[in-house]
Amino acid sequence: MKAALTEQPTRLLAGFDFFGDPFRSHSGWSADNEIGRLWQRWGEYWYSGGMAELPIKDLTVCYEFHIYHPETLQTGEFEVFIGVEVTQLADLPLAVVGKTLPGGRYAVFTLTGEEIASDWIWELDHAWLPKLGVQRLTTFSVQRYDERFKSVENLSESELEVYIPLLP
Amino acid sequence: MSDLAAIVRALDFIESHLQTAITLGDVADAVAYSLYHFCRSFKNATHYTPYDYLMRRRIAEAARALLQTAAKVTDVAFDYQFNNLETFSRAFRRVLGQSPSQWRQQGQTGYRQLLPPLTSAHVEHIARCGPWQPTELPDFTLALVGVMTLGDRDALAWAWLSRELVGVASRCESCYAWVCHPRGDERERAILVAVTAEVLPKIPPGLVRKDLPQATYLRFAPVGTARDLELLRDYIDYVWLPQSDYCVAHPCYLVRYAATPGLPSSESDLEVCVPVKRRQN
């Protein structure tokens, strides 16, 4: 795992959203859990003309956020958003929702291979963030997928960047 | 610590905090997992989400307390960390299909209704043999001929059936155990160890014929070994069915053994069939 500190600009994103416990039906890194199904729905939308409907800024990168709500600690339910960066949030197609990814200071971690399926959040919280001397905002985390991420079935050859928002 | 060991510790932690205000974050912390990884691993290991498991365990113990004590329903609700009576009643009805007061009035536990604590044996069995995708057998029935006995005298019954099968065993590829709990609880148990009626068209004087109640059956396989039978039954009744559209139609189950009684059985070929009906919401 590689770690660095970075400043990120505010980004506008368009994509699909889910709230609940994504592991209720299937657990693990399965395409059948709700996160996998969200990606599948996004993929179907994207390749059936969605790509042309959106004011895309960068089509080589996809983002997945996990947004934690007050009840997350009680019930395990949270919000998952996946989408791409766009130039504006006005007039998005009906199927798509817009999000603003806050800019600011982030710790960025590069996970490779099996690290992606490990409990990296615990590692970040208990080893890496203290080592970097920073404290995280616990309300959300961001995963950035680009051409280095091959597929869920091919984690061993994949790389994934995780952005953790930091307290000022 | 392996995932299984961590989940077993989490189960223990939950068990000792059923009457304490805890969050899933506390349970995840107790096993040194992030909440996200914990929820994923717990579901993978138990086939319950941790929140659902915690709620069902609390409801199970609250339901027991309603039958075994004279405590007020409200006090029981608070004891098991439900903030108000309405939340408790809603959760209670969702799990047990009736209100806490109706439950108390009824005065007894139904057939395998209350989720017991899952143990390391359950979790290890799920990891070794699961997940199960049961086959639905609509309008299934089976005519069986065999030895009926009460209690735990299975070995005696199997020995008797083996003797009756001398000479016809070559026609018999499977044998069955039909286990019933006639009073709807596990205190009384009747077992028919049998073969299908085709194997013994002329019923010997010492044997009985029993046609299984016609119903939709769900067939679960593999069981694991014969020693895992009770673990699979627990899985079916306490984990799989409560999260499905089905409930038990009769307090009975059928085990098929892919061997003739008296011969060494192929333990990996065991299967369990459970009569079910659609749940009425």
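We did not get these values from a lab; they are worked out from the coordinates using the rules stated. Owing to the predicted nature of the structure, the values given are computational and were not obtained by experimental measurement. Cβ coordinates were reconstructed from backbone atoms using ideal geometry, including for glycine residues, and neighbour counts include every protein chain displayed.
Over chain A, what is the relative contact order in percent, taking alpha-carbon pairs closer than 8 angstrom and at least six residues apart?
Values: 323 pairs, mean separation 52.2, N = 168.
So the answer I get is 31 percent.
Which aspartates and glutamates, on any chain, are close to A:Lys131 with Cα under 18 Å apart, when same-chain ones fewer than 8 places away are left out?
By straight Cα distance, A:Lys131 reaches A:Asp119, A:Glu123.
Using only Cα atoms, what Kirkwood radius does chain B have, in angstroms? Spell out each step's value before the answer.
Values: mean 1/r = 0.0482 Å⁻¹.
Taking every pair of different Cα atoms in chain B, averaging 1/r and inverting gives 20.7 Å.
Mean separation of Cα pairs under 8 Å and 6+ residues apart, divided by the residue count of chain B: what relative contact order is that in percent?
Here the relative contact order equals 18 percent.
Rounded to the nearest Å, what's the spacing between the alpha carbon centres of segment B:9-24 and segment B:129-193? Just the number, please.
Cα centroid of segment B:9-24 versus Cα centroid of segment B:129-193: 39 Å apart.
For segment A:146-160, in order, what is each residue's ³J(HN,Hα) by Karplus, 6.51 cos²θ - 1.76 cosθ + 1.60 with θ = phi - 60°, in whole Hz (x at glycine and Pro)?
Taking θ as phi minus 60°, the curve returns 10, 5, 6, 8, 7, 5, 4, 6, 10, 5, 4, 10, 10, 10, 9 Hz for segment A:146-160.
Per the helix-only calculation at 222 nm, which mean residue ellipticity applies to chain B, given -39500 (n - 2.57) for every DSSP H run of n ≥ 4 and division by its residues, nearest 500 deg cm²/dmol?
So the calculated ellipticity at 222 nm is -11000 deg cm²/dmol.
Residue by residue, what Karplus-based ³J(HN,Hα) values in Hz, rounded to whole numbers, does segment B:28-41 have, using 6.51, -1.76 and 1.60 with θ = phi - 60° and x for Gly and Pro?
4, 4, 4, 10, 6, 10, 6, 4, 4, 5, 5, 4, 5, 5
Using the 10 angstrom Cβ neighbour count as an exposure proxy, how do A:Ile116, B:Ile191, B:Ile7 rank, fewest first? Walk me through the numbers on the way to the answer.
Numbers: A:Ile116 18, B:Ile191 21, B:Ile7 26.
Listed from fewest to most nearby Cβ atoms, that is A:Ile116, B:Ile191, B:Ile7.
If I model the protein assembly as shown as equal point scatterers sitting on the Cα atoms and use the Debye formula, what is log10 I(q)/I(0) at q = 0.12 Å⁻¹?
Values, matching the q order: -1.08.
Quick one: divide the alpha-carbon radius of gyration of segment A:2-165 by 2.2 N^0.38 Å and tell me what you get.
Details: Rg = 15.7 Å, N = 164, 2.2 N^0.38 = 15.3 Å.
Taking N as the residue count of segment A:2-165, the ratio is 1.03.
In percent, what relative contact order does segment A:88-168 have, based on Cα pairs under 8 Å that are 6 or more apart in sequence? Kindly include the intermediate steps, with their values, before the conclusion.
Working: 97 pairs, mean separation 34.0, N = 81.
Over segment A:88-168, the number comes to 42 percent.
If the viscosity is 1.567 mPa s and the temperature 4 °C, what Stokes-Einstein diffusion coefficient in µm²/s follows for segment B:3-125 when Rh is the Kirkwood radius over Cα pairs? Working shown, then result.
Values: Rh = 15.0 Å.
Approximately 86 µm²/s, per Stokes-Einstein.
With just the Cα atoms defining each centre, how far is segment B:203-236 from segment A:84-156? Give it in Å.
Between the Cα centres of segment B:203-236 and segment A:84-156 lies a distance of 49 Å.
Hey, what's the Kirkwood Rh for segment B:155-242 if you take every pair of different alpha carbons, in angstrom? Could the numbers behind the result be given before it?
Numbers: mean 1/r = 0.0657 Å⁻¹.
With all distinct Cα pairs of segment B:155-242 included, I get 15.2 Å.
Check cross-link reach from A:Lys99 to the lysines: straight Cα distance under 26 Å, and skip same-chain residues fewer than eight apart.
Result set, ordered by chain and number: A:Lys57, A:Lys150.
Mind checking which aspartates and glutamates have their C-alpha under 12 Å from B:Lys202, skipping anything on the same chain fewer than 8 residues away?
Partners within reach: B:Glu164.
Give me the inter-chain shielding for B:38-50: mean count of other chain Cβ atoms within 10 Å, whole number please. All intermediate terms of the calculation are to be shown ahead of the outcome.
Working: counts 4, 10, 13, 4, 3, 10, 6, 1, 1, 2, 1, 10, 4.
Mean partner-chain Cβ count within 10 Å for B:38-50: 5.
How would you rank B:Leu254, B:Leu150, going from fewest to most other Cβ atoms within 10 Å of each one's own Cβ? Each step should come with its number before you reach the end.
On the way: B:Leu254 21, B:Leu150 11.
In order of increasing Cβ crowding within 10 Å: B:Leu150, B:Leu254.
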